[in-house]
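The values are calculated or read from the model by the stated rules, or taken from the named source; none is laboratory data. Quantities reported herein were computed from a predicted structural model and do not represent experimental measurements. Counting neighbours? That spans all protein chains shown, and the Cβs are built from the backbone with ideal geometry, glycine included. We work out accessible area using only protein heavy atoms, side chains counted, and drop any ligands, DNA or RNA first. Shrake-Rupley method; radii C 1.70, N 1.55, O 1.52, S 1.80 Å.
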Amino acid sequence: MPSFDIVSKVDPQTLENAVNTAKKELQTRYDLRDTKGGIELDKKANTIQLSSENSMRVKSLEDILLTRIVKQGLDGTCLDFSEEEQASGALVKKTVKVRAGIDKDTSRKIGKLIKDSKLKVDVQTQDEQVRVASKKIDELQQVMAMLRGADLGIPLQFVNMKS
């Protein structure tokens, strides 16, 4: 029975390259010269720490990081900028989470979207991925096209296509 998996993952090497490129740009930008703090990637916690003297410069760091991530070919929605900034001594710090995996709420939304499309497919949630199976490959391709057009707030990849 043909099937595929829906996942949301970020290549760690590409993410590290984007962060390193953003650090280099931070050193060369005239308006951010003499800035204390910077951009740090925590691979284990899957977060990026932004720090600077004031919130305006932290916003500039966000823009630089987002630009570099998009230029490296990653989806900009993989970053979660929703956490508030906190003051820490002379610096303002912001932690940006890197979204990886599909959480329960999003997997329910995906399942509901697929069920509402009235296509004859089976949907199974497995840990941080969703498996879709059908007797016809055309229906699977319709599901992929529908999910590409849907705004779920996370980047989706379609892997492990079996015929």
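Counting the residues of segment 101-132 that are in contact with a Phe, Trp or Tyr (Cβ under 8 Å, 6 or more places away or on another chain), farther than 12 Å from Met146 by Cβ and open to solvent by less than 40 Å² (accessible area, probe 1.4 Å) gives 0. Restricting the first member to segment 50-76 and to residues that are under 17 Å from Asp11 (Cα atoms) and in contact (Cβ under 8 Å) with a residue 60 or more places away in the chain, and the second to residues that are of a type in the set (Gly, Ala, Ser) and open to solvent by 60 Å² or more (accessible area, probe 1.4 Å), no beta-carbon pair is closer than 8 Å while six or more apart or on different chains.
Results for (1) outside any strand (DSSP E or B); (2) within 16 Å of Ser3 (Cβ to Cβ); (3) in contact with a helix residue (DSSP H, G or I) (Cβ under 8 Å, 6 or more places away or on another chain), shown as yes or no for each residue.
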site	(1), (2), (3)
Val92	no, no, yes
Lys97	no, no, no
Ile110	yes, yes, yes
Ile114	yes, yes, yes
Ala145	yes, no, no
Arg148	yes, no, no
Leu152	yes, no, yes
Phe158	no, yes, yes
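Every residue in segment 89-116 that is in contact (Cβ under 8 Å) with a residue 24 or more places away in the chain and over 14 Å from the mean Cα position of the chain (by Cα), please. Listed by number, the residues that qualify are Ala90, Leu91, Val92, Lys93, Lys94, Thr95, Lys109, Ile110, Leu113, Ile114.
If you check Thr95 against the conditions, is it out of contact with any His (no Cβ under 7 Å at 6 or more places or on another chain), β-branched (Val, Ile, Thr) and either within 30 Å of Met56 (Cα to Cα) or surrounded by fewer than 14 Cβ atoms within 10 Å (Cβ to Cβ) (or both)? Even if it seems obvious, please write down each step before you answer.
Values: out of contact with any His (no Cβ under 7 Å at 6 or more places or on another chain): yes; β-branched (Val, Ile, Thr): yes; either within 30 Å of Met56 (Cα to Cα) or surrounded by fewer than 14 Cβ atoms within 10 Å (Cβ to Cβ) (or both): yes.
Yes.
Within segment 133-155, restricting attention to residues that are closer than 24 Å to Val10 by Cα and open to solvent by 40 Å² or more (accessible area, probe 1.4 Å), the residue that is farthest from the chain's Cα centre (by Cα) is Gln141.
This table checks each residue for (1) at pLDDT 85 or above; (2) of a type outside the set (Phe, Trp, Tyr); (3) out of contact with any Leu (no Cβ under 9 Å at 6 or more places or on another chain); (4) under 30 Å from Leu147 (Cα atoms).
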position	(1), (2), (3), (4)
Phe4	yes, no, no, yes
Gly38	no, yes, no, no
Thr47	yes, yes, no, yes
Ser55	no, yes, yes, no
Ser88	no, yes, yes, no
